[in-house]
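The values are calculated or read from the model by the stated rules, or taken from the named source; none is laboratory data. All figures in this text were calculated on a predicted structure; none of them were measured in a lab. No Cβ is skipped: glycine too gets one built from the backbone with ideal geometry, and neighbour counts run over all protein chains shown.
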Amino acid sequence: MDDMSEVFESVARYFSLLSEPTRLRIMHCICQDEKAVNQIVEETGATQTNVSRHLAMMYQGGVLTRRREGSQVFYKVGDPAFIDICRTVCVRVASELEGDKNLKRTFKGLIDELS
C-alpha cells in the first residue's frame, strides 16, 4: 500500500480543488472561455482577494493556465479532464434532485453550459 500513498495524496489534492463553492463558480465562469480576473470577479460575485486566492490554488494544482497581457491576467481551463469531472458530478447530483424541479432545472442549465 505504501507505493500508492503518493498517488492517493495527489488524487486527494486534485479532488480537493472541487471542494469549495467559489472554485466551482470560477470553473463555471471560465469553462468555455478565457477570462480576465476582473471578469471572473464580476461574474462570480466574490471579492478580488478571494477570487485571486482560488485562481492561484487552481493554477498551482494544474487545472488552469494563465497569461498576462499588460496589467491584466487571463485564466482558462488547462485540464479538460477537470471539466469532465465537474460535468459528471453535476449530472450525478442533478439525477438525485428529482423532488426539487427548480434546483434540477438550474443544474441542467449548468450541465448544458459545460457541454
Residue list for segment 52-71, restricted to those being polar (S, T, N, Q) and either in a strand (DSSP E or B) or buried (at least 16 other Cβ atoms within 10 Å of the Cβ) (or both): Thr65
Segment 72-89: number of residues that are at pLDDT 95 or above and not in a strand (DSSP E or B): 0
Residue list for segment 28-42, filter: of a type outside the set (A, V, I, L, M, F, W, C) and either outside any helix (DSSP H, G or I) or within 22 Å of Ile85 (Cα to Cα) (or both): His28, Gln32, Asp33, Glu34, Lys35
Every residue from segment 1-27 that is in a helix (DSSP H, G or I), surrounded by 17 or more Cβ atoms within 10 Å (Cβ to Cβ) and either touching a Lys or Arg at 6+ places or on another chain (Cβ under 9 Å) or not basic (Lys, Arg) (or both): Leu24, Ile26, Met27
Neighbours by Cβ (under 9 Å, 6+ apart or cross-chain): first from segment 1-29, among the basic types (Lys, Arg); second exposed (fewer than 12 other Cβ atoms within 10 Å of the Cβ): Arg25/Gly45
